[in-house]
Amino acid sequence: MIARNLVVAGVFGFAVLSARCQDVKTLSLSEAREITIKNHPRITAAELIALASKQAVRETQSRYYPSVMANATAVDATADNTRVAAGGLNNPLILTRNAEGVDVTQIITDFGRTINLSASSKLHARAEAQNAIATRAEILLALNSAYFDALAAQSILEVAKQTVATRQVTFDQINELAKNKLRSGLDVSFANVDLATGKLLLADAQNNLESAFERLSNLLAERERRAYRLVDEPANSAPLPDTAQLVQTALNDRPDLAQLRFERDASSRFARAETQLQYPTISAVGSAGVIPVHDSSMRDNYAAAGVNLSLPIFEGFLFSARKDEAQLKSRAATEDLRDAEDNVIRDVRIAVLNLNYAAERMALTAQLLESANQAFELAQARYQVGSSSIVELSQAQLSQTQARIEQSKAKYDYQIRQAILSFQTGQLR
């Protein structure tokens, strides 16, 4: 019976393990980028807004084309030759009739206002296109950070597992020696504390990995969290260009700066268009149609054409207020751009400093781990021959674990800092 239960438990455990293995998805950074770009709602929303802004250009340019309006009118007058009417039927002469016709209006010139409005809408559309690129860069930066955070969490989890395994072996050995009166109960207590600390580290590492996978799943636009087998990315430690060159690259290539430049230019052209509100508008107008039902004094059809000049004289200071508003907003857009450029210069310099520090930290943690490994081996050998205490061995184990964790953090922090610098210089797209 016991054997049967063991077999059933073994089969069930194997089935659960197989299901979990099938559920784990291997994922590289390039694959994660493709999924995020395709599925992330913020990227899609920014692209749709950019497409919508192109329709605004067509809306503005519609003033270049004629406006054609079809009309149909049917009037039943209470008496022939009605001379007075109120409301909608306020023609000087109202006759019983039915007429269908077309009215055509074409602006000849508004002295540059439509040209400036069209240019402003085009620049705004280009700004929205750059905003879509900037939004994608922001999401990809978050993806890179989440991906390398998850890799770091995976690495630290492996360190925690190795730590627990090593301390379990040490505890078992010391416990066995204590049973044979070759070690004291104090040694067993220290070894047990070290083992418990390792298990606590393992639980914390597992929780951090689960949290990292949650953030990664969110950026992949997956509502159900999945476990991933992430492909490690090699750390590129190529020397950096001069900081001044990186700053100039950022000023030239950052999509958010390009967006602000287009917005500044768009507001400038719009301000010019608002200045031209007080200019006259010259339009060609035409009307033609047929009158199937009409008074005997009217003809069977009608047609007329002419030119209309519209000149605003007084509008309650509306146009001057709109002009001043547009000009002030244009100046504000210029200052916003200047402030953003100053911030980009600062951020690039900080990113370079952080990347250089991360590279130095990577080298230092490698040296630290090498020294910690040597110290642990020496402490372990000394303890086995009885020339040192359990405290020395425990401290050596702790130093080794911390050195491994610091090395894992340093490696992936360096790769995150690389992604940040790529983002700050406008190369992450």
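No lab work stands behind these numbers, since they all come straight from the coordinates. These numbers come from a predicted model, not from an experiment. With ideal geometry, Cβ positions are generated from the backbone for all residues, glycine too; neighbour counts draw on all protein chains shown.
Worth pointing out:
- Geometric extent, Cα atoms of the chain - Rg, Dmax (angstrom): 38.3, 133
- Between the C-alpha center of the stretch 203-276 and that of the stretch 353-429 there is a gap of 29 Å.
- This ranking places Phe190, Phe317 by how few other beta-carbon atoms lie within 10 Å of each, fewest first, which gives Phe317, Phe190.
- Secondary-structure-derived ellipticity at 222 nm for the chain, considering helices only, amounts to -24500 deg cm²/dmol, per-run term -39500 (n - 2.57) for DSSP H runs with n ≥ 4.
- Label zone at Asn98, where the point sits 7 Å out along the Cα-to-Cβ direction: the stretch 292-324 residues whose backbone N lies under 11 Å: 292-294
- P(r) weight above 22 Å for the stretch 329-422, C-alpha pairs, percent: 53
- The distance separating the Cα centre of the stretch 158-173 from that of the stretch 308-348 comes to 67 Å.
- Ratio Rg/Rh [Cα only; Rh per Kirkwood] for the stretch 239-319: 1.46
- The value given for the stretch 131-259 is a Kirkwood hydrodynamic radius of 18.7 Å, derived from the mean inverse Cα-Cα separation.
- Once the Cα atoms are used to define both axes, helix 113-179 deviates from the longest principal axis of the chain by about 10 degrees.
- Kirkwood analysis of the Cα pair distances in the stretch 166-238 returns a hydrodynamic radius of 15.7 Å.
- Computed extension gain for Ala56 through Arg429, at 0.36 nm per residue and net of the alpha carbon distance, reaches 131.7 nm.
- Each Lys and Arg contributes +1 and each Asp and Glu -1, all at the Cβ; summed about the Cα centre of the chain, the dipole is approximately 580 debye.
- Taking 0.36 nm per residue of separation and subtracting the current Cα-Cα distance, fully stretching the chain between Ser297 and Lys329 would add 5.6 nm.
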